[in-house]
Amino acid sequence: MNPRFVFAFACIALAPVAIAWGQYLIFGLPTETFLPPINLEHPSSPHGFPAWLRLTHFVNFFFLLLLVRSGLSILMDHPRLYWSHHCTPNTEWIRFTPLKVPTDRLWTAKDDARYISPLLALPGYRHTVGMARAWHFLSVHLFLLNGFIFVALLFFTDQWKRLVPVSWEIIPAAWNAFVHYATFHLPAEPNGFYQFNPLQQLSYFAVIFVMAPLSMLTGIAMSPAVDNRFPFFPKLFGSRQGARSIHFMLLIGYLAFLVVHVGLVVITGFARNMNHIVTGRDDAHPVGMVVGLVVIGLVVLSWSLFHFIAWKYARKIQHIYRGLTGLFDWNVLSRLEPREHYTQEDISPFFWPNGKLPTSGKWKQLAANGFQDFKLRVDGLVENPVELSLADLRALGKEEYTSMHHCIQGWSGIAQWGGLPFKRLIELVKPRPEAKVVAFYSYGDALYGGEYYDTQTIKTALKARSLLAYEMNHAPLPEVYGAPLRLRVENQLGYKMVKWIERIEFVETEKTLGKGEGGKNEDDEYFDILPNI
Ligand SMILES: Nc1nc2c(c(=O)[nH]1)N[C@H]1C(S)=C(S)[C@@H](COP(=O)(O)O)O[C@H]1N2
Ligand SMILES: [Mo]
C-alpha cells in the first residue's frame with residue numbers, strides 16, 4: 001500500500017479514537033443519553049424481530065459473503081487499485097501483488113493477474129474473472145431482491161423506526177457510546193429486542209442506507225456501456241477507477257462491520273441475542289445459539305459446494321448468468337450510444353497491453369515491411385466478398401475519437417483511435433439476409449492456445465463507434481496494440497475488441513464457431529457473451 005495512503009487512512013481512522021481518549025481522560029466517561037426506559041409491560045412498538053426480518057437478515061448474510069468471495073476473485077485479476085482515470089503502474093494506492101511491472105519485456109494485464117486461494121475466493125485460483133463475474137452477478141440479483149424486500153417491509157411495518165434516526169440527538173448519543181467502546185468500556189446495553197443503542201442504530205442505518213446503495217452505484221459505474229453513455233456518472237466517484245476503489249473499500253467495510261457486529265453480539269449476551277435473530281424470542285434459552293451456529297456452519301460448507309459447482313458446471317453457470325442478464329443487456333445496455341468526449345490531454349500515459357503478440361510467420365513477415373502487403377479478407381454470407389489493403393481501408397473513410405477502454409479485469413485507459421467505421425464495410429460487402437453475426441479472427445493465439453477470435457452481432461457492428469482501427473494516439477497502430485488492425489466497440493468490454501485482425505467472416509450464428517460461445521474468451525475463460533457490464 002502506498003505509504004501516503006496508509007498515513008491518511010491511519011489519521012482518519014485513529015483521530016476519533018484519540019479524541020475519545022482525550023475526552024475520557026479529561027472528563028471521564030460521558031453519561032448515556034437517548035435511552036428512554038423500556039416498559040416491558042407495554043413495550044413501545046415496534047419491537048422484536050418478525051420472521052420476515054430474521055429471514056432477510058439470513059439471506060442477506062448468505063449473499064453478501066458470496067459477493068465478497070466472488071468480488072475477491074475479480075479483484076485479483078487486476079490486483080491494483082487507482083484513483084485516477086489512468087492505470088499507470090506505480091500510481092496505484094494499493095496493490096495485492098508483490099510485482100512491480102517489468103519494463104524490459106512485454107507484461108500484459110493477464111500476466112499481472114494473481115493467484116488467490118479458493119478458501120478465500122470464489123472460484124479462486126488465478127485469472128478466473130469470467131467465472132467469478134457469473135457468481136458475482138447472479139448473487140447480486142438475489143442480494144438486491146432480498147434487500148428491496150427487506151427495505152419495503154421495514155416501511156410497510158413500523159420496523160423502520162428502529163433503524164432510521166429521526167432526531168439529530170442521536171449523533172451526540174452515538175458519540176457517547178463510541179467513547180465507551182473506544183476506551184474499552186461497554187455502554188449500558190438497552191435490550192436489542194426493544195431498542196438499539198444509538199451507535200448501533202446509526203451503524204445499521206449506514207450499512208443499509210448508505211453503504212449498500214453506494215456499492216450498487218459504484219458497481220454500475222464500472223460498466224462500459226453506462227460510462228460511455230453517461231460520462232458524468234463514473235465522475236461522481238472520481239473516475240471508473242475511483243468507483244472501483246470505493247467498491248472495494250465498501251467490501252472491506254462490510255467485513256469490518258461483520259467482525260464488530262458479531263463480536264458485540266457475542267459479548268453482550270450471546271444466547272439472548274441469537275434468540276432475537278434466529279427464533280425471534282427474547283430469552284436466554286440456548287436454542288437460538290445452537291441453530292444459529294449450525295446454520296452458519298452450513299453457510300461455510302455451502303462454499304465448498306459452490307466451489308465444486310463452479311468448476312464442474314462452469315458452462316452451465318455461464319449460460320444461466322447469460323439467461324438472467326441477457327434481456328437487459330441486449331435491450332438496454334447494448335443499445336446505449338457512446339457519448340463520451342475525452343480530449344488529447346486525457347490520453348493515458350500508460351495503456352495496459354493484453355493478449356499474446358502473434359508468433360505466426362505470416363504476421364511477422366507482414367510486420368517486417370510495415371503491413372504494406374496486408375490484405376484483410378472479408379467473406380462469408382456476403383454478396384460482395386472483398387480483400388482490402390490498409391490503403392483501401394483508408395480510402396473507404398475514417399472516423400476518429402478518444403475514448404476510455406474498459407477491460408473486464410478492471411483496468412481502464414484512455415486513447416485516441418482512428419479507423420474505418422465498421423458500418424462502411426458492411427455497406428460495401430452487403431451481408432445476405434441470413435447473416436446475423438460478424439466474426440473477427442486474429443493472427444494471435446489466445447491465452448490457452450488456439451486462434452483468438454470474437455464475434456459481434458451485425459446490429460452492434462452497425463452502431464456508431466464500432467471501428468476497425470489502424471491508428472492509435474495519432475500514430476499507426478503499434479504492434480503490441482494490434483497492428484495492422486483491431487476492433488473498437490466502445491460500449492463493450494475490451495475482450496470483444498480483437499487485435500491483429502486477419503480476416504472477417506459474416507455468419508448466421510456464433511454457435512457454429514469455436515465452442516459456440518461467441519468468442520475465444522467466452523469459449524475458454526467463461527467470459528460473458530454480453531459484454532456491456
Ligand atoms: N488477438 C487478441 N485480441 C485481443 C486480446 C487477445 O488476447 N488477443 N485481448 C483482448 C483484451 S482482454 C483486451 S482488454 C484488449 C486489450 O487491448 P490493448 O492491448 O490495446 O490494451 O484486447 C483484446 N483483444
Ligand atoms: Mo480485457
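Scanning the stretch 503-528 for residues that are within 10 Å of ligand 1 (Cβ to nearest atom) and either touching a helix residue (DSSP H, G or I) at 6+ places or on another chain (Cβ under 8 Å) or among the polar types (S, T, N, Q) (or both) yields GLY519, ASN521, GLU525, PHE527. When restricted to residues that are surrounded by fewer than 13 Cβ atoms within 10 Å (Cβ to Cβ), among the aliphatic types (A, V, I, L, M) and modelled with pLDDT of 95 or more, the stretch 91-131 contains 1.
If you go through the stretch 444-454 one residue at a time, do you hit one that is within 15 Å of ligand 2 (Cβ to nearest atom) and in contact with a Pro (Cβ under 8 Å, 6 or more places away or on another chain)? For the stretch 444-454, residues within 15 Å of ligand 2 (Cβ to nearest atom) and in contact with a Pro (Cβ under 8 Å, 6 or more places away or on another chain): present. Assess whether ALA475 counts as being open to solvent by 10 Å² or more (accessible area, probe 1.4 Å), modelled with pLDDT of 95 or more, closer than 28 Å to LEU106 by Cα and out of contact with any strand residue (DSSP E or B) (no Cβ under 6 Å at 6 or more places or on another chain). So ALA475 fits the description; yes. Looking at TYR526 and the list (1) of a type in the set (Ser, Thr, Tyr); (2) within 16 Å of ligand 2 (Cβ to nearest atom); (3) open to solvent by less than 40 Å² (accessible area, probe 1.4 Å), which single condition is not satisfied? All conditions pass for TYR526, except number (3). The test for being within 15 Å of ligand 1 (Cβ to nearest atom), under 29 Å from ARG105 (Cα atoms) and in contact with a strand residue (DSSP E or B) (Cβ under 7 Å, 6 or more places away or on another chain) does not hold for PRO353.
Just for the stretch 347-370: of the residues that are more than 16 Å from ligand 2 (Cβ to nearest atom) and in a loop (DSSP other than H, G, I, E, B), which one is nearest to LYS520 (Cα to Cα)? Give the derivation first.
Of the stretch 347-370, the ones more than 16 Å from ligand 2 (Cβ to nearest atom) are 347, 349, 358-370.
Adding the requirement that they be in a loop (DSSP other than H, G, I, E, B) leaves 347, 349, 358-360, 369-370.
Numbers: ILE347: 29, PRO349: 29, PRO358: 15, THR359: 17, SER360: 18, ASN369: 29, GLY370: 27 Å.
So the residue we want is PRO358.
If you go through the stretch 372-384 one residue at a time, do you hit one that is of a type in the set (Phe, Trp, Tyr), crowded, with 19+ Cβ neighbours inside 10 Å, at negative phi and within 14 Å of ligand 1 (Cβ to nearest atom)? Checked against the condition, which is being of a type in the set (Phe, Trp, Tyr), crowded, with 19+ Cβ neighbours inside 10 Å, at negative phi and within 14 Å of ligand 1 (Cβ to nearest atom), the stretch 372-384 yields no hits at all. Mind checking whether some residue in the stretch 58-70 is touching a Phe, Trp or Tyr at 6+ places or on another chain (Cβ under 6 Å), closer than 26 Å to ILE317 by Cα and assigned to a loop (DSSP other than H, G, I, E, B)? No, there is no match, as no residue in the stretch 58-70 is touching a Phe, Trp or Tyr at 6+ places or on another chain (Cβ under 6 Å), closer than 26 Å to ILE317 by Cα and assigned to a loop (DSSP other than H, G, I, E, B).
So which of LYS511, LYS496 is of a type outside the set (Asp, Glu) and open to solvent by 20 Å² or more (accessible area, probe 1.4 Å)?
On the way: LYS496 fails: open to solvent by 20 Å² or more (accessible area, probe 1.4 Å).
Every option except LYS511 fails the conditions.
Can you confirm whether ILE426 is open to solvent by less than 40 Å² (accessible area, probe 1.4 Å), in contact with an Asp or Glu (Cβ under 9 Å, 6 or more places away or on another chain) and in contact (Cβ under 8 Å) with a residue 12 or more places away in the chain? In short, no. Of the residues in the stretch 473-502, how many are of a type outside the set (D, E, K, R) and away from ligand 2 (no atom under 16 Å from the Cβ)? Residues that pass the stated criteria total 10.
Evaluating LEU327 against the criteria (1) at pLDDT 95 or above; (2) part of a helix (DSSP H, G or I) leaves one unmet condition, (1). Picking from residues in the stretch 385-423 that are of a type in the set (Val, Ile, Thr) and within 16 Å of ligand 1 (Cβ to nearest atom), the one that is surrounded by the most Cβ atoms within 10 Å (Cβ to Cβ) is ILE408. The number of residues in the stretch 203-235 being among the hydrophobic types (A, V, I, L, M, F, W, C) and not in a helix (DSSP H, G or I) comes to 3. Is there a residue being within 20 Å of the chain's Cα centre (by Cα) and either touching a residue at least 24 places away in the same chain (Cβ under 8 Å) or more than 10 Å from ligand 1 (Cβ to nearest atom) (or both) anywhere in the stretch 464-487? Checked against the condition, which is being within 20 Å of the chain's Cα centre (by Cα) and either touching a residue at least 24 places away in the same chain (Cβ under 8 Å) or more than 10 Å from ligand 1 (Cβ to nearest atom) (or both), the stretch 464-487 yields no hits at all.
Restricting the search to the stretch 371-391, which residues are touching a residue at least 12 places away in the same chain (Cβ under 8 Å) and outside any loop (DSSP other than H, G, I, E, B)? Within the stretch 371-391, LEU376, ARG377, VAL378, ASP379, GLY380, VAL382, VAL386, GLU387, LEU388, LEU390 qualify. Scan the stretch 488-502 for residues that are within 6 Å of ligand 1 (Cβ to nearest atom) and within 26 Å of the chain's Cα centre (by Cα) and the total you get is 5. Identify, from the list TYR125, TYR115, the residue that is on the phi > 0 side of the Ramachandran plot and either of a type in the set (Val, Ile, Thr) or not assigned by TED's automatic domain parsing to the domain that holds LEU199 (or both). Of the residues listed, the single one that is on the phi > 0 side of the Ramachandran plot and either of a type in the set (Val, Ile, Thr) or not assigned by TED's automatic domain parsing to the domain that holds LEU199 (or both) is TYR125. Candidates ALA10, ALA15: the one that is of a type in the set (Gly, Ala, Ser) and at pLDDT 95 or above is ALA15.
The values are calculated or read from the model by the stated rules, or taken from the named source; none is laboratory data. What you are looking at is a predicted structure, and each value in this text was computed from that prediction instead of being measured. Cβ: placed from backbone, ideal geometry, glycine included. Neighbour counts: every protein chain shown. Just the protein is used for accessible areas: all its heavy atoms, side chains included, with ligands, DNA and RNA removed. Shrake-Rupley method; radii C 1.70, N 1.55, O 1.52, S 1.80 Å.
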